[in-house]
Structures are given as C-alpha cells and as structure tokens.
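Visitor: Here it is: the structure, laid out below.
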Amino acid sequence: MRKLQMVDLKSQYEKIKHEVNASIQEVLDTTTYINGPLVHQFQADLEKYLGVKHVIPCANGTDALQIAMMGLGLKPGDEVITADFTFAATVEVIALLQLTPVLVDVDLNNMNISIEAIKKAITPKTKAIVPVHLFGRAANMDAIMEIATEHNLYVIEDNAQAIGADYTSKDGSKKKVGTIGHVGATSFFPSKNLGCYGDGGAIFTNDDNLAHILRGIVNHGMYERYHHDVVGVNSRLDSIQAGVLKAKLPHLDTYNKARQDAARKYSMALSVNSHIWAPTICETCDCHVFHQYVIRIMNGKRDDLLAHLQSKGIPCAIYYPIPLHSQKAYADTRYNEEDFAVTNLLCKEVIALPMHTELDDEQIKFITDSVLEYLK
C-alpha cells in the first residue's frame, strides 16, 4: 500500500507535471512575474467556469475576505455575523478592519452556520453575514439571502473550502458557491481543491461597480499608475501561481469527483457503527466537494481514536479543536456558552480523515478498518 498522507500533492503533480511545468516555464521565459498574461488568462478561465462576471485575483484567501469587506465600505463598529465553527481567518479580517464580529452557532446536521442563530443575532448595527461553506459543503444560501434581503445586509461568501460545489436553489436553478452572495472569496492554498504551489486567492462578484473598487484595492488603490483613488493594499496573485492554477483548473471537476467518490466509500463503510456520524452523500453529491472528510465520534473516544490512527501511520486532524468564541483573541463578554451548544459539541467529536484526489480503495479500506476495529 502506498504511504498514507493527509494530502498527496506529489502524486497529483506527477499526473499534470507537463502542463504545470510548461506554465511555469512560460513565466520564466517572459519574466512577467507580476500581473502577467497568465494571471489574466486564469482570471478569464475562472470567470467562465464559475459563471460569474468578475474574478479579482489576489495574494491569498485571507486577503480576499478582507478586500471584499473593504470594497463594501463597511465601517468600524459595523456588526458582521459569521460562524463560530470555522478557521480563524474568517473572523480575523473582521477584527482587523475594526468591525464587530458576531459569532453564532452552527447546524449539527451539516456544520454550517445556523439560520436560526443568524436571525437571533441581527441588530440595528448588523451590516453583513459571512457564511462559510465548511469542509466543502454549500451553506443554506436560499435562507441566508432571504434574511439579507429582509434586513438589507451584505452577504460575503467564504468559499475557501468549497470551490466547484454547486448550490441548487428552491426554484431548481444551480449556481457555483461563492457567486450567490454580493461577493465571494476563496483561497488557493496548496491543499485546497484548486490549489497553487504557494499562496493565492480570488474574489468573485457580479456587481460591476464593486468589481472596479476591488481591482483598485488589491493594487495599492491604483487604477492608473501613481494615482491612488482608494485606500488599498498590496495583494496580487503572482504569475507563477496563476500559471499553476490555469493548468489545474480544467481538472477541478475531476478532482472534486474523486473526492466525492472517496467520501462515498468512507461513509458506506463507517455508517455501520452507531458511534460514528458520517456525512450523508446524496446521489448527485454536487453540493459537497469534500475539501475535508470529517466524521463525529459520539462515544467520547475521539482523542483515543486519533492516537490509535496515528500509531498505525494514518494521518488525521481535528478541525477545529477550539471554538472561535473561546479563543483569547476573540473572546467577548457578549457571548454565552449556551448559545454555542453545537459548536462546543463538534469541537469534542470531530475528526478529519485523509482526503485528496489520489486516495485508492486499498488505502480507504485500511483507514476505515482501522477506525472500526477500534470502535467496535
């Protein structure tokens, strides 16, 4: 059996190395390292793939979120609602801009932001909602957009983990996640479903005016060299990373299908044990692209299982061990523990198993057999 890895980027690279190498060599040959042709080509390709009018590439996913909020003109003290159960970058940028983070609980069935919790958290100071499509699963965007419309709020989609996932609305129409709200942000960190070989990110919007503002912000506030029309930052996707992404984008649907197939095999094997909550996978499975495959261990033995798997050479991880409302940087007397019952439970139960495009049946069987033998 091949060595197990949480993410197997080397094997993935071996299959596309000629395409990737050619893109990188093009940048080296032309020396267009910043804002070169491959950046614009990738931007156009991604706009077409997502079905969105504007993609604004930037340096990383955290910048993408921050720039999106800057572009919307949010002011210090404005309240921004987001999920308590997610990576810190989501709330980090809210705090950096001196906005007021409002953390709310998530739904036990899908681990995405709770619709009822959003409704309870809205105040006259609320200006935006940031749903996170956690682990690759689309959040309930119909309900979120209805709330936003009712209360005149912006919706900023944190799509760092779910690029390529489809959301099917109540009317049957489909859109790529990240393109439904007023603005979306994603990360191209190497381990993402569409990852480069360093840092990278992008912002999506169908709003022409907002896109114009965002393009200025990412480049020091300039639309014309040395003319600074808005306060900006230095956040550009470099040409080599754009070249890698351009080579990988045509494979994204295949990559996501490989993840979905692996997830289906995982869940089929693990669901026989009553102590394990495994993701339910629908027939089409297009709403979940499994950036992570996360299960819950409901008998109190999650940490023991983690040690057992690691002793057998099976990499695994806990996403996330500490709720954001309990983190020193984001603790606030406004928060009550009883409002975070689901998040607190998930932090004690979740465990992520290896998930990537190169998983094979032998590896999946070894992993699931090892989980089941410990929890029998």
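Visitor: Could you list all residues from segment 20-40 that are closer than 29 Å to Lys175 by Cα, modelled with pLDDT of 95 or more and surrounded by fewer than 17 Cβ atoms within 10 Å (Cβ to Cβ)? Before you say what the answer is, go through the steps one by one.
Guide: If we filter segment 20-40 for residues that are closer than 29 Å to Lys175 by Cα, which is where we start, we get 20, 35, 37-40.
Now restrict to residues that are modelled with pLDDT of 95 or more: 20, 37-40.
Those that are closer than 29 Å to Lys175 by Cα, modelled with pLDDT of 95 or more and surrounded by fewer than 17 Cβ atoms within 10 Å (Cβ to Cβ): Pro37, His40.
Visitor: Six or more apart or on different chains, Cβ atoms under 9 Å: show the pairs whose first residue is in segment 313-334 and of a type in the set (A, V, I, L, M) and whose second is assigned to a loop (DSSP other than H, G, I, E, B) and open to solvent by 60 Å² or more (accessible area, probe 1.4 Å).
Guide: Qualifying pairs under 9 Å: Leu324/Phe87.
Visitor: Determine if segment 354-367 includes at least one residue that is assigned to a helix (DSSP H, G or I), touching a residue at least 40 places away in the same chain (Cβ under 8 Å), β-branched (Val, Ile, Thr) and over 22 Å from Lys120 (Cβ atoms). Steps first, please.
Guide: Keep residues of segment 354-367 that are assigned to a helix (DSSP H, G or I), which gives 361-367.
So of that shortlist, the ones also touching a residue at least 40 places away in the same chain (Cβ under 8 Å) come out as 361-367.
Among the residues that remain, those that are also β-branched (Val, Ile, Thr) are: 364, 367.
Filter once more, keeping what is over 22 Å from Lys120 (Cβ atoms): 364, 367.
Yes, the conditions are met somewhere in segment 354-367.
Visitor: Residue pairs, Cβ under 7 Å, 6 or more apart or interchain, first in segment 145-172 and within 25 Å of His291 (Cβ to Cβ) and of a type in the set (D, E, K, R), second open to solvent by 60 Å² or more (accessible area, probe 1.4 Å) and not in a helix (DSSP H, G or I). List them.
Guide: If the second residue must be open to solvent by 60 Å² or more (accessible area, probe 1.4 Å) and not in a helix (DSSP H, G or I), the pairs left are Asp166/Lys174.
Visitor: Still on this structure: When the residues of segment 161-203 are filtered to those that are closer than 22 Å to Asp78 by Cβ and touching a helix residue (DSSP H, G or I) at 6+ places or on another chain (Cβ under 6 Å), which remaining residue is surrounded by the fewest Cβ atoms within 10 Å (Cβ to Cβ)?
Guide: Of everything passing the filter in segment 161-203, Ile180 is surrounded by the fewest Cβ atoms within 10 Å (Cβ to Cβ).
Visitor: Is it fair to say Asp207 is surrounded by fewer than 19 Cβ atoms within 10 Å (Cβ to Cβ) and within 18 Å of Ile129 (Cα to Cα)?
Guide: Values: surrounded by fewer than 19 Cβ atoms within 10 Å (Cβ to Cβ): yes; within 18 Å of Ile129 (Cα to Cα): yes.
Yes, satisfied.
Visitor: Condition check: out of contact with any strand residue (DSSP E or B) (no Cβ under 6 Å at 6 or more places or on another chain) and crowded, with 18+ Cβ neighbours inside 10 Å. Does Thr333 satisfy that?
Guide: Details: out of contact with any strand residue (DSSP E or B) (no Cβ under 6 Å at 6 or more places or on another chain): yes; crowded, with 18+ Cβ neighbours inside 10 Å: no.
Here the answer is no, as Thr333 does not meet what is asked.
Visitor: Among (1) modelled with pLDDT under 95; (2) on the phi > 0 side of the Ramachandran plot, which single condition is Glu224 missing?
Guide: (2)
Visitor: Same structure again: Among the numbered conditions (1) more than 30 Å from Met145 (Cβ to Cβ); (2) among the small types (Gly, Ala, Ser); (3) under 19 Å from the mean Cα position of the chain (by Cα), tell me where Gly51 comes up short.
Guide: (1)
Visitor: Being in a helix (DSSP H, G or I) and either open to solvent by 10 Å² or more (accessible area, probe 1.4 Å) or of a type in the set (A, V, I, L, M, F, W, C) (or both) is the filter here; which residues of segment 260-298 pass it?
Guide: Correct list: Gln260, Asp261, Ala262, Ala263, Arg264, Lys265, Ser267, Met268, Ala269, Leu270.
Visitor: Let me ask something else about it. Just for segment 43-74: of the residues that are of a type in the set (Gly, Ala, Ser), out of contact with any Phe, Trp or Tyr (no Cβ under 8 Å at 6 or more places or on another chain) and part of a helix (DSSP H, G or I), which one is surrounded by the fewest Cβ atoms within 10 Å (Cβ to Cβ)? Don't jump to the end; show me each part of the working.
Guide: Taking segment 43-74 as the starting set, the residues that turn out to be of a type in the set (Gly, Ala, Ser) are 44, 51, 59, 61, 64, 68, 71, 73.
In the following step, the residues that additionally are out of contact with any Phe, Trp or Tyr (no Cβ under 8 Å at 6 or more places or on another chain) were identified as 44, 51, 59, 64, 68, 71, 73.
Checking the rest, the ones that are also part of a helix (DSSP H, G or I) come to 44, 64, 68, 71.
On the way: Ala44: 12, Ala64: 34, Ala68: 30, Gly71: 27.
Checked segment 43-74; the qualifying residue surrounded by the fewest Cβ atoms within 10 Å (Cβ to Cβ) is Ala44.
Visitor: Does Ile156 satisfy being more than 18 Å from the chain's Cα centre (by Cα), of a type outside the set (Ser, Thr, Tyr) and either at positive phi or not in a loop (DSSP other than H, G, I, E, B) (or both)? Break it down stepwise before answering.
Guide: Working: more than 18 Å from the chain's Cα centre (by Cα): no; of a type outside the set (Ser, Thr, Tyr): yes; either at positive phi or not in a loop (DSSP other than H, G, I, E, B) (or both): yes.
Considered against the rule, which asks whether it is more than 18 Å from the chain's Cα centre (by Cα), of a type outside the set (Ser, Thr, Tyr) and either at positive phi or not in a loop (DSSP other than H, G, I, E, B) (or both), Ile156 comes out as no.
Visitor: Limited to segment 128-152, what total is found for residues that are in a loop (DSSP other than H, G, I, E, B) and open to solvent by less than 10 Å² (accessible area, probe 1.4 Å)? Give the derivation first.
Guide: So in segment 128-152, the residues in a loop (DSSP other than H, G, I, E, B) come out as 131, 133, 138-140, 152.
Pick out the ones that are also open to solvent by less than 10 Å² (accessible area, probe 1.4 Å) and you get 131, 133, 139.
Qualifying residue count, segment 128-152: 3.
Visitor: Looking at Pro323 and the list (1) open to solvent by less than 40 Å² (accessible area, probe 1.4 Å); (2) closer than 27 Å to Asp261 by Cα, which single condition is not satisfied?
Guide: Result: Pro323 passes all but (2).
The values are calculated or read from the model by the stated rules, or taken from the named source; none is laboratory data. Given the structure is predicted, the values throughout are model-derived calculations rather than measurements. So basically every Cβ, Gly included, is an ideal-geometry build from the backbone, and we count neighbours across all protein chains shown. Only protein heavy atoms, including side chains, enter the accessible area calculation; ligands, DNA and RNA are left aside. Shrake-Rupley method; radii C 1.70, N 1.55, O 1.52, S 1.80 Å.
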